[in-house]
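Bear in mind that the values in this text are calculations on the coordinates, not laboratory data. Being a predicted model, the structure only gives us computed values, none of them experimental. Every residue, glycine as well, gets a Cβ built from its backbone with ideal geometry; the counts of neighbours run over all protein chains shown.
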């Protein structure tokens, strides 16, 4: 009986700790989106999460560690979204198009994501840990894209994956900054035309 109670208490504590970490990560993403890098600090994050600064320091080795964990969590979330889109469709071309155009569909078009993502990009230029997270995330995206391109019979699929990733990122960024500039459906059509011309 005692052992069962101990195990149950440990499981509850672990879940609570996971929930608290997740809450701090979500609050960090929200603060980055709302206030940018300049306004992201321990006080703002803790206020958003409704916790004390001591709790942040209990789960993370400071704000840099928390921001890096937020980038990892956001990258994992994006990977899951793109992975689900990649499995859509019976034909290779349909899967390729679904993967590429996922950037112009919810939830990737969430305006909050832009604020957080641009902050991550800025930090990746000056912080080695953030740069490593960025490199791993983008390498994974490009490798999956390369596989999809190769399945469609594309030559030099690796270079095409780099080019199409840059195109999608550029369109996503412009669309996120100015939704009225050309619209999500126009972005989808541009990508589809590029794929049609290249593959």
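From Cα pairs below 8 angstrom and at least 6 apart in sequence, can you work out the relative contact order of the chain, rounded to a whole percent?
Reported relative contact order: 20 percent.
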With r defined as the distance between the Cβ atoms of residue 81 and residue 128 and R0 fixed at 30 Å, what FRET efficiency is calculated, to the nearest 0.05?
-> 0.65
Grab the eigenvalues of the alpha-carbon gyration tensor for segment 66-182, scale each by 5, take roots, and send me the semi-axes largest first in whole angstrom.
-> 24, 17, 13
Taking just the C-alpha trace of the chain, give me its Rg and Dmax in Å.
-> 19.8, 68
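When you have a sec, figure out the Kirkwood radius of segment 114-199 from all distinct Cα pair distances and drop it here in Å to one decimal?
Details: mean 1/r = 0.0704 Å⁻¹.
With all distinct Cα pairs of segment 114-199 included, I get 14.2 Å.
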Provide the descending list of Cα extents for segment 136-177 along its principal axes, expressed in whole angstroms.
-> 34, 20, 13
Please find, in a Gaussian network model of the chain (springs between Cα atoms separated by less than 10 Å), the residue of 69, 38, 150 whose mean-square fluctuation is greatest.
-> 38
Once residue 37 and residue 93 are pulled to full extension, the length gained, defined as 0.36 nm per residue separation minus their Cα-Cα distance, is 16.3 nm
Calculate the all-directions average of the projected area of segment 38-113's alpha-carbon convex hull, and give it in nm².
-> 6.2 nm²
